[in-house]
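We did not get these values from a lab; they are worked out from the coordinates using the rules stated. This one's a predicted model, so the numbers in the text were calculated from it and none came from an experiment. Positions of Cβ are backbone-derived with ideal geometry, glycine not excepted, and every protein chain shown enters the neighbour counts.
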Amino acid sequence: MMNDLASLVQIKGLRDGLLVSLSDASWEDQHAALLSQIDEKQSFFQGARLALDVGAQILKVNEMVELRDQLSERNVSLWAVIGESPTTEKTAQLLGLATRISKPRPEDGRRFEVQDLGEETALFLNKTIRSGARIEFRGHIVVLGDVNPGAEIAAEGSIIIWGRLRGAVHAGSKGDEAAVVCALDFAPIRLQVAADAMNIQDKKETGKPEMAFIRGERVVIEPWQPGQ
């Protein structure tokens with residue numbers, strides 16, 4: 001049932017936040033699917049501004065208010081509701097929500113997934129990875145740019161960020177404990193190397209290059225000197 005619910009939710013990045021599109025289903029299922037996704041990926045949605053595309057769904061005031069409050073409890077802000085129903089549009093306007101949004105940038109909602117190219121291959125991305133993007137690669141990933149909050153990167157090898165790291169990263173996603181995560185400005189919202197995740201809530205931002213790797217049985221962070 002959980003997988004069925006997950007299939008009802010599609011996420012894309014917007015300049016002003018995240019666009020969540022709900023597939024055709026009953027409002028009960030759509031509602032449950034959205035909250036389930038947020039609860040499963042709390043760090044991804046934390047502090048997000050959400051625009052909700054409900055398609056032909058007809059939402060009344062009490063339904064929209066309930067959803068807005070439930071999102072607020074999860075530290076998610078509902079700022080827009082768009083749909084085909086005039087009733088839904090009027091309800092959103094009554095609650096002070098936007099009913100028109102800018103179209104998402106093509107690259108923001110794209111999911112990069114490259115099939116088996118060998119363990120020593122690398123994916124090079126010469127751009128900033130924006131909120132809502134998820135990148136997966138069977139090798140190393142190098143980003144010449146920033147990784148914004150709300151973006152996710154998973155690599156079977158190492159992850160090198162030549163910029164600011166503010167999103168979620170998982171190096172060695174298939175269990176490679178030799179993988180590392182490096183960034184010129186290191187402050188990920190979530191960090192994992194192989195099977196070991198690190199609690200980074202108390203980490204102070206240094207604004208300096210740092211790298212994360214497994215030492216012993218835990219992930220540690222140390223200064224990174226790219227020139228060496």
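Full extension of the chain segment joining Glu177 with Asn75 gains 33.4 nm, where the gain is 0.36 nm per residue of separation less the Cα-Cα distance. With K and R counted +1 and D and E -1, the other residues having a Cβ less than 12 Å from that of Trp162 yield a net charge of 0. Cross-link check: pairs Lys12/Lys127; Lys41/Lys127; Lys41/Lys90 evaluated at a Cα-Cα cut-off of 28 Å; pairs beyond the cut-off: Lys41/Lys90.
Sorting Phe124, Phe186 from the fewest to the most surrounding beta carbons within 10 angstrom yields Phe124, Phe186. Extension gain for the segment Phe124 to Ala98, taken as residue separation times 0.36 nm less the Cα-Cα distance, is 5.7 nm to one decimal. Restricting segment 152-222 to GluC sites (Glu not before Pro) that sit in a DSSP loop and have at most 12 other Cβ atoms within 10 Å of their own Cβ leaves Glu205, Glu217.
Would you please give the FRET efficiency between Thr206 and Leu144, computed as 1/(1 + (r/R0)^6) with r the Cβ-Cβ distance and R0 = 25 Å, to the nearest 0.05?
On the way: r = 21 Å, r/R0 = 0.85.
It comes to 0.75.
Placing unit charges on the Cβ atoms of the charged side chains and taking the dipole of segment 2-94 about its Cα centre, the candidate lying farthest along the positive direction among Leu19, Ala32, Ala56 is Leu19.
Cβ-to-Cβ counts within 10 Å put Thr206, Thr88 in ascending order as Thr206, Thr88, the fewest first.
Taking other C-beta atoms within 10 angstrom as a stand-in for reagent exposure, Ser7, Ser131, Ser173 fall in the order Ser7, Ser173, Ser131, fewest first.
Return the FRET efficiency for the residue pair Val61, Asp185: r is the Cβ-Cβ distance, R0 is 35 Å, and the value is rounded to the nearest 0.05. All intermediate terms of the calculation are to be shown ahead of the outcome.
Values: r = 44 Å, r/R0 = 1.26.
That gives a FRET efficiency of 0.20.
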